[in-house]
1. Between the helical axis of 414-426 and the dominant principal axis of the chain, each derived from Cα atoms, what acute angle in degrees is found, rounded to the nearest 10?
2. Divide by every residue of the chain the summed helix terms, -39500 (n - 2.57) for each DSSP H run of at least 4, and state the resulting mean residue ellipticity at 222 nm, rounded to the nearest 500 deg cm²/dmol.
3. By how many degrees, between 0 and 90 and to the nearest 10, does the Cα long axis of helix 340-353 differ from the longest principal axis of the chain?
4. Distance between the C-alpha centers of segment 170-236 and segment 354-398? Whole Å please.
5. Using only Cα positions of segment 220-370, each an equal point scatterer, no hydration layer, compute I(q)/I(0) via Debye at q = 0.09, 0.15, 0.17 Å⁻¹ and quote the log10 values to two decimals.
6. Pop a pseudo-label 7 angstrom from the Cα along the beta-carbon direction at both residue 283 and residue 372 and give the gap in nm to one decimal.
7. Return one number: the angle in degrees, 0 to 90 and rounded to the nearest 10, between the long axis of the Cα atoms of helix 253-263 and the longest principal axis of the Cα atoms of the chain.
8. Provide the descending list of Cα extents for segment 50-161 along its principal axes, expressed in whole angstroms.
Ligand SMILES: [Zn+2]
């Protein structure tokens with residue numbers, strides 16, 4: 001995510017409650033799946049006891065009324081014998097079935113739907129949950145946040161870490177990735193854009209159904225859709241990678257032209273990042289510029305969303321969100337406290353693209369940033385390896401994260417640094433800070449505990465030493 005510099009977006013404060021660890025079945029006796037997946041920052045996010053393979057979302061949206069009516073069906077595998085399971089959804093529920101049989105459901109709170117299937121689900125078996133719902137997502141808050149962004153002409157379902165539960169039912173945590181089919185029905189004359197490839201556009205008398213498919217595993221918060229009036233451009237990059245861009249027709253004509261020009265930079269940015277990181281991890285790319293005043297950009301998988309940000313002079317913003325396709329989307333956080341693993345690299349590549357933000361070398365930028373943030377300033381008080389919910393998207397998570405990477409590069413050398421980044425994104429779908437430290441140590445053959453302690457886990461400016469990559 002990038003909070004655009006000219007607009008301060010309100011980042012929510014969610015109170016940090018005690019974690020609920022996922023229930024683990026020790027026998028085959030069916031038990032209730034946990035209400036959360038085990039993320040201490042967001043105890044209700046995700047659920048225990050199952051793993052989703054594929055979502056099939058069919059929503060009808062009435063843009064002017066801000067209304068969503070739909071059905072989500074998902075296929076999952078039980079990781080424990082289940083007498084009951086939870087799904088995440090803040091919209092009012094109309095009905096639930098499990099494997100085609102009507103299931104009882106209960107709402108213990110606004111975020112959770114507790115589902116009791118007519119018969120228990122055996123560990124290891126595959127099952128289909130179908131949830132029908134309707135409501136006005138803009139009116140619903142959870143965890144101190146109302147993440148739905150829309151105006152009377154346009155909706156764009158984008159948010160981090162919360163948005164999925166406002167438009168589909170599922171297991172809302174990056175730990176459970178799945179493939180997605182997204183069908184959005186809009187009024188005739190409107191368009192709906194989502195992740196992945198456009199499979200079909202079905203015109204009915206008064207409505208149109210837009211069907212999008214994301215085949216590569218995707219974290220639920222990275223699924224998105226936008227509905228309204230959009231110009232669509234598509235093509236292929238020099239290497240044959242398909243791209244699809246969309247720009248809101250609600251923007252003034254000059255801004256639409258600038259936005260299309262900005263999004264056309266995407267294939268070039270992908271190619272530049274591939275030279276650093278190896279192959280782009282997905283089968284399509286692109287972007288969307290919304291006419292809604294959202295105030296931030298987000299790395300939705302295969303198709304980041306941007307506010308109006310000007311023309312090609314804002315390519316740094318595209319670099320940030322496309323870098324997230326590797327760091328955040330291909331490799332996702334195991335826990336939200338690991339957020340620096342997303343924002344650090346995205347900011348680092350933004351810095352490299354932007355010619356070291358005016359310094360002669362990346363190392364000169366690091367030293368300049370180190371100097372610019374005085375010892376004892378609030379900047380250094382953020383322990384970015386565990387920043388706390390309120391500081392999840394603090395500026396320090398971004399900048400200190402990027403500084404950590406440059407310091408690591410200086411400490412272990414260019415070749416090892418590049419090898420760490422490439423191994424990180426090619427070998428896994430999820431990672432924790434401990435995983436990253438272990439990889440940096442095994443790649444470089446150096447003990448880096450005190451280095452990472454100083455950069456990630458100490459509420460003070462790292463000393464200007466060679467060990468800290470600063471001399
Ligand atoms: Zn970001």
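1. 10
2. After summing the helix terms and dividing by the residues of the chain, the value is -7500 deg cm²/dmol.
3. 60
4. That distance is 36 Å.
5. Each listed q corresponds, in turn, to -0.28, -0.78, -0.99.
6. 4.2
7. So the inclination is approximately 70 degrees.
8. Computed over segment 50-161, the largest-to-smallest principal extents equal 46, 27, 23 Å.
None of the figures in this text is laboratory data; all of them are computed from the coordinates on show. Computed from a prediction, not measured in an experiment: that's the story for all the values here. A quick note on method: Cβ atoms are made from the backbone with ideal geometry, for glycine too, and the neighbour counts reach across all protein chains shown.
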